Amino acid sequence: MEGECRASQARSWGLPAGGAGGDSPGGDAPLPGSISSSSLLQAEVLDLDEDEDDLEVFSKDASLMDMNSFSPLMPTSPLSMINQVKFEDEPDLKDLFITVDEPESHVTTIETFITYRIITKTSRGEFDSSEFEVRRRYQDFLWLKEKLEEAHPTLIIPPLPEKFIVKGMVERFNDDFIETRRKALHKFLNRIADHPTLTFNEDFKIFLTAQASEFSSHKKQGPGLLSRMGQSVRAVALSMRGVKSRPEEFMEMNNFIEIFSQKINLIDKISQRIYKEEREYLDEMKEYGPIHILWSASEEDLADTLKSVASCIDKCCKATEKRMSGFSEALLPVVHEYVLYSEMLMAVMKRRDQIQAELDSKVEALTSKKADTDLLIEEIGKLEDKVECANNALKADWERWKQNMQNDIKSAFTNMAEENILYYEQCLATWESFLTSQTDLHLEEASEDKL
């Protein structure tokens, strides 16, 4: 497992597969922009008053968005060169294009489910063709995620949308739900395709290319039920045991994750509340146009003015609908995706700790001489390699993830701000035009009265 981990990472980072065994010159130098954990945690992105109705929670300090706010020291290692390689050094040559579309409902006597068409276009030599088309259901995506986590326990796997069913609904999946899930699944696969390590995973390739019978056969391979249960029990035991001494860079990382999780969940909650209130405001505003039209029928002298007001309200409603559409399509999905990412990060840290806990237990057994010493020494050597491989993979992927997170959230909020500015400019121009026309009309009437 350790050798496979090094080989796949070395290949995806542009290193020869055997290069993971060389020395790491300068591996103990700090990364540029490192600062202490205390400065990382001093400032907060948000402050929430006890009164939840107060939405003025954003401060100018955004330490969680600062990509230089955490750069762990990279220890020198004779076993790996990975600690010196950064994901962002990868060339931006995209050779794998994936599209998820055309959801299709399937009804059987047992269940109802949705499949999605997945079209893959690639120029990679390891693929048998340049284009593939398959259909997959949500459970297949779950299988892929689990296989990626098995193969790369300390890489940050993109999150899948939650699996939920609205109780009491006769139709399990409505159109909005299906479209939202389709977009999320599309993003999930493309994030994997853009990842410098996950993109070369063999299970990922099979997921994209294998037809139904071949894919079903492949899914049945692997450890049996008893073996999986044994692994689960072992993982629970190790997590219960805990880690005696987590390295400081991972302590800082864990603190960052906890704070980030708090803040992004808060942003998600506030965003959902704003959207709900905006929707209620729009529904109410839509009622005023028809009211002014009815009013104009009973007020002959004000008829033109009231109709103009109704026209302005209608234009503002359309502008609001456009802004709401941008809010629901551009901001809400991004924020919620990073809520799911925060959960994924906690799971990654837990898996890293389990690997270290396994090493700690073997070292403890060797110290107390509870088992065959020679066998323990051999196992400890393998586990040390495994721990180092896991640690280096997480540290490198962590920097990549933080950069992507900053770019995504910054882009989402910037685009939303631009949409809001455009919206208010349109509404202002609408009402200014109305006021100008009314002023000109009154001046004209006043001039006629003088004559």
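Per 10 Å bin, what is the whole-percent P(r) computed from every C-alpha pair distance within region 278-320?
33, 46, 18, 2
Once you compute Rg and the Kirkwood Rh from C-alpha atoms, what is the Rg to Rh ratio for region 299-342?
Details: Rg = 18.8 Å, Rh = 13.0 Å.
Using only Cα positions, Rg/Rh for region 299-342 is 1.44.
Which value results for Rg/Rh of region 119-220 when Rg is the Cα radius of gyration and Rh the Kirkwood radius based on the inverse mean 1/r?
My calculation puts Rg/Rh at 0.99.
If you project the alpha carbons of region 339-451 onto the principal axes, what extent comes out on each, in Å, largest first?
Here the spans come out as 116, 19, 14 Å, largest first.
Sort 273-284, 116-127 for me by packing, meaning the mean count of neighbouring Cβ atoms within 10 Å per residue, highest on top.
Those peptides, ordered most packed to least, come out 116-127, 273-284.
Would you compute, for the Cα atoms of region 255-342, the largest minus smallest coordinate along each principal axis and list the three values in descending order, in whole Å?
Its Cα atoms span 68, 16, 13 Å along the three principal axes.
Order 286-292, 246-252, 211-217 from most to least packed using the mean count of other Cβ atoms within 10 Å.
246-252, 286-292, 211-217
Using every alpha carbon pair in region 236-382, what percent of pairs falls into each 10 Å bin from 0 up to the bin containing the largest distance?
Percent of Cα pairs in each bin: 10, 21, 17, 14, 11, 9, 8, 6, 3, 2, 0.
What is the projected area of the convex hull of the Cα atoms of region 300-384, averaged over all directions, in nm²?
Over every viewing direction, the Cα hull of region 300-384 projects on average to 8.7 nm².
Based only on Cα atoms, what Rg/Rh ratio does region 401-451 have, Rh being taken as Kirkwood's radius?
Ratio of gyration radius to Kirkwood radius for region 401-451: 1.54.
Where a number appears in this text, it was derived from the coordinates with a stated rule and is not lab data. Nothing here was measured: the structure is a model prediction, and the numbers come from that model. A quick note on method: Cβ atoms are made from the backbone with ideal geometry, for glycine too, and the neighbour counts reach across all protein chains shown.
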